[in-house]
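Nothing in this text is a laboratory measurement; each read-out follows from the coordinates by a stated rule. All of these numbers come straight from a predicted model, not from anything done at the bench. Backbone-built Cβ (ideal geometry, glycine too); neighbour counts: all protein chains shown.
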Amino acid sequence: MFEAGSKEIMDTGRSETGLAFEVTHRMVLSIAIPMTLGFITTPLLGLVGTGVVGHMGEPNALAGLAIGAMLFDLILGSFNFLRASTTGLTAQAYGRGDQHAQQAVFWRAIISAVGCGLALLCLSPLLLAAGLKLMAPDGAIAQATSTYFSIRILAGPAALANYAILGFVLGRGQGSIGLLLQTIINGINILLAIILGIWLDWGIAGVAWATTVGETVGALAGLFIVLRGFRRADRPARAELFDRHRLAELFALNRDILIRTFVLLGAFALMTRIGTGFGAVTLAANAVLMNFLMLSGFYLDGLANAAEQITGRAIGARYRPAFDRGLKLTVIWSFGLAGAISLFFLLAGPWLISVLTTSPEVRQVAGTYLPWAAITGLTGALAFLMDGVFIGATWSSDMRNRMLMSFVGYVAALAVFVPLYGNHGLWLAMNAFLLCRGIFLALRVRQRADQTFLAAQ
């Protein structure tokens, strides 16, 4: 399914735009390694937050953090289209060598991000009430969730601005800058979570304030770095930024990615919601294990980012050989790293669980379901990579449609396996969902690439 397209497309040795480029292992890794290192700090942040609250020895507080973090993933994560669309559009403009278009993409993304962030602040009381009703936690768990949410929402505009900034630097293949920004955001967050949560005994409130400060500092640093690289001669006019045709294209792209992201986060939220029916201890154990799933995803996202940039750049340059070569190399590296991370969790998982929680009950239950969480790297490897390919190519409708197909299968798996196997069935359904996402997207790649490069000729 990953082979090159028709012979007449592949035999060309040059780009239609004269901007041909060679894709090598070194190019792939120069983007993937910095971003992998940067993204690993994000789940490490989750591990630290879980560890800080877990050492309070209260399953209710840990469950409240799990629900609060899930609500934030559901809300802020729904705006991941700001990062994804910015990466794809920037990469294609970069492939064309169009500095002016790159600046226009960036400013549209920043304006959208700040506007959405301010809207979230205004709507935060309603969002919290809806989230609590959706998750239906008990009294003590609901209180912990409310504390975390009410503080962290203050960083909404900064968090969304960080999506746009990161999307821009990734679209240009600037993995080292992406690493720097992720390190600033998550480094500050981790340090303050320990200081405020443990040393000052602020608990879950300290974890929330740490996130708020980290996001704000990261956004300011990102703006400073990006704006320093802009040339005044390439600055777009205000009328161009609000051009109706460009905004309509951006809206359609963002709409499809929003639907795809919302369904994905809805799948995780559904898992948490069903998990509440198994009691606070099992919910807390699942929260611990979800860190392993997220760590696997972030670990592989560096390669997905490499696929985004190379795919978008190849399409912008109208150079099919770079597209096919980039796809082949990123597939090889993705499955190799996925196998390594799964093996690591199988071996080191019991120790990591003991680090994350002091509750004997939570440790025991988490150990029972550890293998399911450990293999999510392998079952999700193709899905993470294909997301990168389709984002870089801006094939948003295909991403949307295949995500919906996968979600239907996920719901069916939940309906069958959870009544039969309980929490084992819950994790089985999640792994099946990840696997289906990758397969459904991969089956579409060749035909979609043929259409795109033929249309560019």
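Observations
- Taking only the Cα atoms of segment 122-218, the ratio Rg/Rh comes out at 1.06, with Rh defined as the Kirkwood radius.
- The residue among 323, 290, 173 whose Cα reaches farthest toward the positive pole of the charge dipole of segment 7-456, with charges on the beta-carbon of Lys, Arg, Asp and Glu, is 323.
- Burial ranking of peptide ranges 378-389, 107-118 (average Cβ count within 10 Å, highest at the top): 378-389, 107-118
- Length-normalised contact order for segment 41-200 - Cα pairs under 8 Å, 6+ apart - percent: 41
- Centroid-to-centroid separation of segment 252-279 and segment 165-234 [C-alpha atoms, Å]: 25
- Computed on the chain, with alpha-carbon pairs under 8 angstrom and 6+ residues apart, the relative contact order is 27 percent.
- Residues residue 364 and residue 243, FRET efficiency given R0 of 51 Å [Cβ-Cβ distance, rounded to 0.05]: 0.30
- Listed peptides 403-414, 76-87, 159-170 appear in the order 159-170, 76-87, 403-414 once ranked by packing, highest mean of other Cβ atoms within 10 Å at the front.
- At least 27 Å along the helix axis (C-alpha) and Kyte average at least -1.0, DSSP helices within the chain: 25-54, 99-135, 175-194, 204-228, 244-276, 280-317, 320-356, 396-421, 423-456
- The packing ranking, built from the mean of other Cβ atoms within 10 Å per residue, places the peptides 337-347, 62-72, 277-287, 187-197 in the order 62-72, 277-287, 187-197, 337-347, highest first.
- Here the label points at residue 278 and residue 195, each 7 Å from Cα along the C-beta direction, are separated by 3.8 nm in the simple model.
- Stokes-Einstein D in µm²/s, Kirkwood radius over Cα pairs - the chain at 20 °C with 1.002 mPa s viscosity: 96
- Pair residue 138, residue 21: separation of 7 Å Cα→Cβ label points (nm): 5.5
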